[in-house]
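**Student:** So that we are looking at the same thing, I have put the structure below in structure tokens.
The values are calculated or read from the model by the stated rules, or taken from the named source; none is laboratory data. Note that the structure is a prediction, hence the values are computed from the model and not measured. Using ideal geometry, Cβ is built from the backbone for each residue, glycine included, and neighbour counts are taken over all protein chains shown. The accessibility values were calculated without ligands, DNA or RNA, using every heavy atom of the protein model including side chains. Shrake-Rupley method; radii C 1.70, N 1.55, O 1.52, S 1.80 Å.
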Amino acid sequence: MGRLSTLSRSIAGKVAIITGAGSGMGRATAHLFADEGAKVAVVDVNREGVDRVASEITDAGGTAAAWAIDVTNARAIVTLVSEVVARFGGVDILVNNAGVSLPAPIDSDDFDQAWARTLAVNLTAHVQLIRACLPHLKAQRSGRIVNIASTEGLGATAFISPYTSSKHGVIGLPLARRRAGLSRGYGQLHLPGSDQHRDDSGHPRRGEAEVRPPPRAAAALR
């Protein structure tokens, strides 16, 4: 019996840009994509981290290359995308994973700095990467964008209003996805995994694991 669907869910041979891929969740995502046959652009501000992750992938027989950039640098983003296209032949998937959390009470002396840096990394860079990748994603006619959000974007925790605000913004980005011509390829993941979402015993706070995005945002995940 033949396939009932013409939609392939394989990412074999696809080109994926993954930011924040020098460690943690980004590294795990890069490994997973490479294991599934994707060509991975490993992107992080940490040069040692991206070199290590790219080597881990290539040593295992996968395809990857490392780019050490600060995603708050708009020119560096444009250069990154151009170099990825030149090396791998296009861009099929963008995973906006890079993020920071800089705790700062709103009345603290360092709040303005924490706010500016957090919004620049966690939200503005998402938009700039999307804009830089969009022509290539649309050309593939199957482009995918994954923005890593957080359950913090559905609630709030004391003393991290820059982070909370940035994640609320990330959740709002896909609501205009149809205007971008990517009606079914643009969404976000909500991950209740950071220390900020755990109680003193290390378990998720009550209700955190059950949090779901609002209906309109949830539609972007389907």
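**Student:** Of these, Ile57, Ile11, which one is in a loop (DSSP other than H, G, I, E, B) and among the β-branched types (Val, Ile, Thr)? Break it down stepwise before answering.
**Tutor:** Details: Ile57 fails: in a loop (DSSP other than H, G, I, E, B).
Unique residue meeting the criteria: Ile11.
**Student:** Let me ask something else about it. Considering only residues that are aliphatic (A, V, I, L, M) and under 23 Å from Ala12 (Cβ atoms), look in region 36-49 and name the one that is surrounded by the fewest Cβ atoms within 10 Å (Cβ to Cβ).
**Tutor:** Across region 36-49, the extreme among qualifying residues is Ala38.
**Student:** Here's a follow-up. Quick check: is even one residue across region 83-93 open to solvent by 70 Å² or more (accessible area, probe 1.4 Å) and without any contact (Cβ under 8 Å) to a residue 12 or more places away in the chain?
**Tutor:** Narrowing region 83-93 to residues open to solvent by 70 Å² or more (accessible area, probe 1.4 Å): 83, 86-87.
Okay, now just the ones that are also without any contact (Cβ under 8 Å) to a residue 12 or more places away in the chain, so 86.
The answer is yes; a qualifying residue exists.
**Student:** Report, by residue number, each residue of region 15-49 that is touching a strand residue (DSSP E or B) at 6+ places or on another chain (Cβ under 6 Å), part of a helix (DSSP H, G or I) and either over 23 Å from Gly143 (Cβ atoms) or acidic (Asp, Glu) (or both).
**Tutor:** Arg47
**Student:** Test Ala125 against the criterion of being over 30 Å from Gly143 (Cβ atoms), of a type outside the set (Phe, Trp, Tyr), at pLDDT 95 or above and out of contact with any Cys (no Cβ under 7 Å at 6 or more places or on another chain), and give yes or no.
**Tutor:** Working: over 30 Å from Gly143 (Cβ atoms): no; of a type outside the set (Phe, Trp, Tyr): yes; at pLDDT 95 or above: yes; out of contact with any Cys (no Cβ under 7 Å at 6 or more places or on another chain): yes.
Answer is no for this residue.
**Student:** Got a number for residues in region 74-117 being farther than 23 Å from Ala30 by Cα, not in a helix (DSSP H, G or I) and not β-branched (Val, Ile, Thr)?
**Tutor:** 8
**Student:** Name the residue that is farthest from Gly89 (Cα to Cα), counting only residues in region 10-30 that are open to solvent by 50 Å² or more (accessible area, probe 1.4 Å) and out of contact with any helix residue (DSSP H, G or I) (no Cβ under 7 Å at 6 or more places or on another chain). Don't jump to the end; show me each part of the working.
**Tutor:** Going through region 10-30, the residues open to solvent by 50 Å² or more (accessible area, probe 1.4 Å) turn out to be 10, 12, 14, 23-25, 27-28.
The next check asks that each one be out of contact with any helix residue (DSSP H, G or I) (no Cβ under 7 Å at 6 or more places or on another chain); those that pass are 10, 12, 14, 24-25, 28.
Working: Ser10: 18, Ala12: 14, Lys14: 10, Gly24: 27, Met25: 26, Ala28: 24 Å.
Checked region 10-30; the qualifying residue farthest from Gly89 (Cα to Cα) is Gly24.
**Student:** So His136 fits all but one of (1) under 26 Å from Gly22 (Cα atoms); (2) of a type outside the set (Ser, Thr, Tyr); (3) open to solvent by less than 40 Å² (accessible area, probe 1.4 Å); what number is the exception?
**Tutor:** Condition not satisfied by His136: (3).
**Student:** Still on this structure, I have one more. Taking the conditions exactly as written (open to solvent by 30 Å² or more (accessible area, probe 1.4 Å) and either at pLDDT 95 or above or aromatic (Phe, Trp, Tyr) (or both)), does Arg141 satisfy them or not? Steps first, answer last, please.
**Tutor:** Details: open to solvent by 30 Å² or more (accessible area, probe 1.4 Å): yes; either at pLDDT 95 or above or aromatic (Phe, Trp, Tyr) (or both): no.
It is false that Arg141 is open to solvent by 30 Å² or more (accessible area, probe 1.4 Å) and either at pLDDT 95 or above or aromatic (Phe, Trp, Tyr) (or both).
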